[in-house]
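Everything below concerns the one structure shown next.
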């Protein structure tokens, strides 16, 4: 911290430092005084959420002796995520109160709300908050511990300078993030639009059939819980480990017996998740493995009409609309067999389409990786600027910092 700056406990920098009010469901009404809750507190910004707004009446306000929050006050959520996140309350043209899980901060004349709000986004502040949390199931920080966190307190003129630099810099960073997020969205939409174009096509040399016409839906025989092992010879993929590292196994003996007697995918078949996140798919590589019955299915396809590679890209295009089971959504065989697929009669043309889509998807993934990394870099730039700002190292104008 720069020489000459003061440090004070947060509670000692405020005109008001108090928790919100205990408002029960029975106290709430359809209109009246707005109840601002932890869900309205973003990480440095206010989430209005008017469509989910809750209220209390003026009568209830007086009866419970509620504390009104004012535009310019800061609200701190003493719950995650993260614990201690804060925002400045804007003027939304209505009277407001807040709940007991929020702390109201009204800074005194020596502390700018904007300066404090920026500080409450810094790693130093968040680390200090984390050091004061308690609770084994759901972490929170008490108002007492929150109030003991030390805040840097430079002169007002210096606070104003820092806020001006951060405002300009963060505006530029947010603009860059918005452009990057749009580019990321465009990259994903490019591939999705190409899938739409390909599988909506119905040329004269194309056919349209149902998946039931292509092959028979199949699944492995049911494995009982007492037949699985925590480690063993052959991995057993359940719906939760589909496409990931398995945490259950079966013996080689059971595998050999079941593979001989019952349905089993061949190398290259496309396995589909039929519950949970429906439509996840992997190509079966032919290595010894067993798959949870009814939750992981495949079309037993001889590839005389449609290549499995073509099915694989089609499944990404497919709009899965399963029937609703008693407890979870599930893709039943009747759902699967009725799905329509358009495809060229020529196997060679199918191969060409798959190659083009694979190349486009690879290009899309590279772009997504670039844009995702840029978003991470921009967030790191914010953190770096906050660290410099509150250690007294932030000098010059923001355009010299933001490239």
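Bear in mind that the values in this text are calculations on the coordinates, not laboratory data. These numbers were taken from a predicted model, which means no experiment stands behind them. Because the Cβ atoms are built from the backbone with ideal geometry, glycine has one as well, and the counts that use them run over all protein chains shown.
Using a basic spin-label model with each label point 7 Å from the Cα along Cα→Cβ, how many nm lie between residue 222 and residue 95?
My value for the distance between the label points is 6.3 nm.
How much of the DSSP beta bridge set in the chain is antiparallel, as a percent to the nearest 5?
90
When the helix-only estimate is applied to the chain (DSSP H runs of n ≥ 4, each -39,500 (n - 2.57), divided by the residue count), what is the mean residue ellipticity at 222 nm, nearest 500 deg cm²/dmol?
For the chain, the value works out to -12000 deg cm²/dmol.
Quick check on packing: order 66-77, 240-251 by the mean number of other C-beta atoms within 10 Å, highest mean leading.
66-77, 240-251
Take every Cα pair under 8 Å in the range 206-345 that's 6+ residues apart, average their separations, divide by the length, and report that relative contact order as a whole percent.
35
For the range 6-153, count all C-alpha to C-alpha pairs, find those more than 23 Å apart, and express that count as a whole percent of the total.
Pairs farther apart than 23 Å: 32 percent.
How many percent of DSSP beta bridges within the range 6-153 run antiparallel, rounded to 5?
85
From the P(r) of the range 244-293, could you give the percentage of C-alpha pairs in the tail past 13 Å?
64
What value in Å³ per residue do you get for the convex hull of the alpha-carbon atoms in the range 108-222?
219
Please report the spacing between the Cα centers of the range 333-364 and the range 75-120 in Å, no decimals.
53
Got the relative contact order for the chain handy, in percent, Cα pairs under 8 Å and 6 or more residues apart?
17
Calculate log10 I(q)/I(0) of the chain for q = 0.06, 0.09, 0.10 Å⁻¹, where I(q) comes from the Debye formula with a single equal point scatterer on each Cα and nothing for solvent.
Log10 I(q)/I(0), no solvent term: -0.43, -0.82, -0.90.
For 283, 54, 63, which order do you get if you count the other beta carbons within 10 Å of each Cβ and list the fewest first?
Neighbour counts put them in this order, fewest first: 63, 283, 54.
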